[in-house]
1. Name, by its number, the condition in (1) surrounded by 19 or more Cβ atoms within 10 Å (Cβ to Cβ); (2) under 16 Å from the mean Cα position of the chain (by Cα) that does not hold for A56.
2. Of the conditions (1) within 29 Å of M1 (Cα to Cα); (2) in contact (Cβ under 8 Å) with a residue 60 or more places away in the chain, L127 clears all except one; give me its number.
3. Give the residue that is nearest to R91 (Cα to Cα), with candidates limited to residues of the range 175-192 that are of a type in the set (A, V, I, L, M, F, W, C) and not in a loop (DSSP other than H, G, I, E, B).
4. W151 - would you say it is touching a strand residue (DSSP E or B) at 6+ places or on another chain (Cβ under 6 Å), free of Cβ contacts under 8 Å to residues at least 24 places away in the same chain and either among the hydrophobic types (A, V, I, L, M, F, W, C) or farther than 22 Å from F68 by Cβ (or both)?
5. Scan the range 123-155 for residues that are part of a strand (DSSP E or B) and either among the basic types (K, R) or crowded, with 16+ Cβ neighbours inside 10 Å (or both) and report the count.
6. Would you say V30 is assigned to a helix (DSSP H, G or I), among the aliphatic types (A, V, I, L, M), surrounded by fewer than 18 Cβ atoms within 10 Å (Cβ to Cβ) and within 18 Å of the chain's Cα centre (by Cα)?
7. Select from the range 156-182 the residues that are surrounded by 15 or more Cβ atoms within 10 Å (Cβ to Cβ) and of a type in the set (F, W, Y) and write down the one among them that is farthest from the chain's Cα centre (by Cα).
8. Might you check whether a residue that is touching an Asp or Glu at 6+ places or on another chain (Cβ under 6 Å) and among the charged types (D, E, K, R) occurs anywhere in the range 120-142?
Amino acid sequence: MVGMSAGWQVSTPTVKSLLAAILHGFPFPVSFHIIAGSCGEMNSNQLVREAKSMQATHMMTIGADIEFFPWAIEQLMEHEKLIIGGPFNFRALPPTSTIVMFDEGEPLGKHPAPHELPREIFKCRALPGDFTLIDMKVFDMISPPYFVNEWSEDGKVFTTCDVYFCNKLRAAGIDIWCDPNAQVNHIGLYQY
């Protein structure tokens with residue numbers, strides 16, 4: 001299942017990417033589900049319920065402001081990982097990757113510059129859910145809710161629902177992977 005938590009709009013480049021992927025074709029059956037709503041964590045949990053109800057083997061999540069190559073989803077499938085995503089940057093300057101790397105000096109991890117990312121598939125601390133392929137088996141390995149935004153008890157650290165999900169997976173012994181060759185763009189005033 002390809003799922004999108006779209007808020008209320010989907011960017012034109014995202015629609016073009018989805019159409020190009022459909023025209024490119026998939027060597028496996030695909031169903032598309034778009035959830036409109038402003039609460040990303042609720043939408044993400046709903047996508048999991050929909051994927052389970054249709055007995056999907058995998059759930060590919062795509063953000064409404066993401067551009068990607070037609071073969072990128074198939075490329076992630078070929079790695080046969082429980083969770084793997086493609087890198088893209090925050091919509092800000094200087095360019096900074098949304099991938100969270102392990103860093104002993106930073107207890108919450110580090111967001112590297114794009115040129116600092118490895119050139120081959122690598123393990124990371126967390127990745128955003130805006131271009132992520134998840135094997136549905138992981139939802140049998142962790143308990144719901146899967147996606148939760150939360151503040152630390154002292155109110156100093158905010159954890160997004162995507163990082164919360166990755167933290168749960170890592171606590172269950174599941175590695176988080178990134179394919180730096182997936183070539184994904186974050187759409188804003190220009191491609192980040």
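1. For A56, the exception is condition (2).
2. (2)
3. I187
4. Answer is yes for this residue.
5. 8
6. The answer is no for V30.
7. Y164
8. The answer is yes, given that some residue of the range 120-142 is touching an Asp or Glu at 6+ places or on another chain (Cβ under 6 Å) and among the charged types (D, E, K, R).
The values are calculated or read from the model by the stated rules, or taken from the named source; none is laboratory data. As the structure is a prediction and not an experimental result, all values here were calculated from the model. So basically every Cβ, Gly included, is an ideal-geometry build from the backbone, and we count neighbours across all protein chains shown.
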